[in-house]
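Novice: What follows is a single structure, and I will ask about it in a moment.
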Amino acid sequence: MTPSGRRYGRFPVRVSIDHNACTGHGRCYTLAPDVFESDDSGYGQVRVAEVPPELEDQARAAVRNCPERAISIDER
Amino acid sequence: MQQACDGASGMSGVDDPATGGDVAALPEADVMDVLVDLTEPQPRYLDLIKAGGFLQPMDGLALSADRETTEHILRHHELFSSRVDLNLGNVRPLIPLNVDPPLHSKYRKLLDPLFAPKRMDEQEADITRRVNALIDGFVDRGECNFTDEFADLFPTSVFLGLMGLPEEELPMFLRLRDGILHPEQHDPNAWLDPDARASVMARTGQEIYDYFGALIDERAAHPAGDVISGFLEAEIDGDKLTREDILDICFLFLIAGLDTVSDSLTCFYAFLATHPEHRRMIVEDPSCIPNAVEELLRWESPVPSGVPRVATQDSTLPNGQTVKQGTAVMIIYGAANVDPAECPDSFDVRFDRDTNRHLAFGGGVHRCLGSHLARRELRITLREWHRRIPDYWIKPGHEELQYPPGLRHVKDLTLAWR
């Protein structure tokens, strides 16, 4: 593990949206467009569930910025 | 009244002895004042949070100011219903604002696609054109009344375009909006006399129902492929929308669509015109604009308190306080947006935040239907304006900014760049 506690290059992290909590603010697909996308109604959808290291920053930004805390990362 | 250059940075409300002492009992007048004086509400929002966050200044009325309580209320619509009488000249609940799940979700399923980001992508060129057309009207003059010559006109024209409503009728729509949201503009007595106010709003409300009623009848006879024609075709669970359903959606659209972005723009530009460093950041790095929009939404919270909820039963909040059935709860989004528990440096306006989960568009299932459109308009305005008018300030002599009651907006914001 790096000092920040993140693991680079060894395991992908798994990201998911709690669709009961998602109300379509759209912060995830705005801040992490390579990881999330908008459906036709403006609600979030996961594009890449197993997030490679180069997209980890995007995924974590989405977790931090969701007003409903609907996004979570499962550290493996 | 706010003086120009009274910057947001340098506020130290958290350590201010005037507010850091025993705030267990804020005088009722102070609590209610935060709803009325919108000039620079952030320090008072912090007072509410430090006084416990959930305040009940009188029987049957509560204010939710801290983030945790507010999130709880927004999430638990079964405990805190939106079926309240807004007294905005409407004679039936507004749709979907005053509807609870499960029916609420069905209306949103129908309406959300109209305002989805992909649809807004299609509007980008048109929105850009409209911004520039308005700027063309005053750029060479070296000054403008930003409120009247830009903020009031731009979002309204975008909205009318989206709805398929005639742009020539823009002055009429503004007049209808004012009859509901600024009735004193129709009748000066409405400032202080509640009956005069109610009278203007009731009259205007009827005009709104009449206007859209005639439009619905016209589209029923001659479908036009526009939003209202779409409503006439739509089905929820196999049932068509009733004529009254469509009227109640249109009423909401008119009052929600014509004011909010206008107000946001005046608040944004009042801030930017008095904060040269922030302006410079936008000019030097336009890629910060999306973050700047989110941060200005957080700080300014143009819709300070949104729609009240009503407690459907006795319940307990996360902080241990109890709420009695029947209590009307006002959610102060602006307060949640400066809660230090959520955002420790909440009184700094920073365009480089890596975390900004603000609730300026509300939260929970009633999250603002128009939020994607609003963001697009705000971003495009900042982009195009700063490309053409990179430096500007409050015109000398106009530094005293007035934020009348209602949503937060600046009356007659006068900018100069020469």
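Laboratory data are not the source of any read-out in this text; all were calculated from the coordinates shown. Treat the numbers as computed from the prediction; the structure is a model and nothing was measured. Positions of Cβ are generated from backbone atoms using ideal geometry, with glycine treated the same way; all protein chains shown enter the neighbour counts.
Novice: Could you work out the relative contact order of chain B? I mean the mean sequence separation of Cα pairs under 8 Å and 6+ apart, divided by the number of residues, in percent.
Specialist: 29 percent
Novice: What Rg and what Dmax come out for chain B when only alpha-carbon atoms are used, in angstroms?
Specialist: Rg, Dmax (Cα atoms, Å): 21.3, 67.
Novice: Once the protein assembly as shown is represented by equal point scatterers at the alpha-carbon sites, with solvent omitted, what log10 I(q)/I(0) does the Debye formula produce at q = 0.05, 0.07, 0.09, 0.12 Å⁻¹?
Specialist: Each listed q maps to, in turn, -0.19, -0.38, -0.64, -1.21.
Novice: Measuring from label point to label point, each 7 Å out along Cα→Cβ, what is the B:K106 to B:V283 span in nm?
Specialist: Here the modelled spin labels are 5.5 nm apart.
Novice: Kirkwood-based Rg over Rh for region B:124-170 (C-alpha set), two decimals?
Specialist: Reported Rg/Rh, Kirkwood definition of Rh: 0.99.
Novice: Right, next: Within chain B, what percent of beta bridges assigned by DSSP are antiparallel, to the nearest 5?
Specialist: Once the DSSP bridges in chain B are tallied, antiparallel ones form about 80 percent.
Novice: Work out, step by step, the length gained on full extension between B:R92 and B:D193: first 0.36 nm times the residue separation, then minus their alpha carbon distance; give nm to one decimal.
Specialist: Going from the current span to full extension adds 34.0 nm.
Novice: If exposed GluC sites (Glu not before Pro) are those in a DSSP loop with at most 12 other Cβ within 10 Å, what is the longest stretch of chain B that has none?
Specialist: Between the exposed loop sites, the longest stretch runs B:79-399.
Novice: Within chain B, which complete DSSP H helices have Cα atoms spanning at least 30 Å along the helix axis and a mean Kyte-Doolittle hydropathy of -0.5 or higher?
Specialist: B:194-221
Novice: How much net charge surrounds B:I332 when only other residues with a Cβ under 14 Å from its Cβ are counted (Lys, Arg +1; Asp, Glu -1)?
Specialist: -4
Novice: What average count of beta carbons from other chains do you get within 10 Å of the Cβ of residues in A:36-43?
Specialist: That average works out to 6.
Novice: Sticking with this one: Note down the Stokes-Einstein diffusion coefficient of region A:13-74 in µm²/s, whole number, using a Kirkwood radius over alpha carbon pairs, 20 °C, and 1.002 mPa s.
Specialist: Estimated diffusion coefficient is 195 µm²/s.
Novice: Let me ask another. Roughly what would the spin-label model give for B:R387 and B:T128, points 7 Å off Cα along C-beta, in nm?
Specialist: With each label point 7 Å from Cα toward Cβ, the separation is 0.6 nm.
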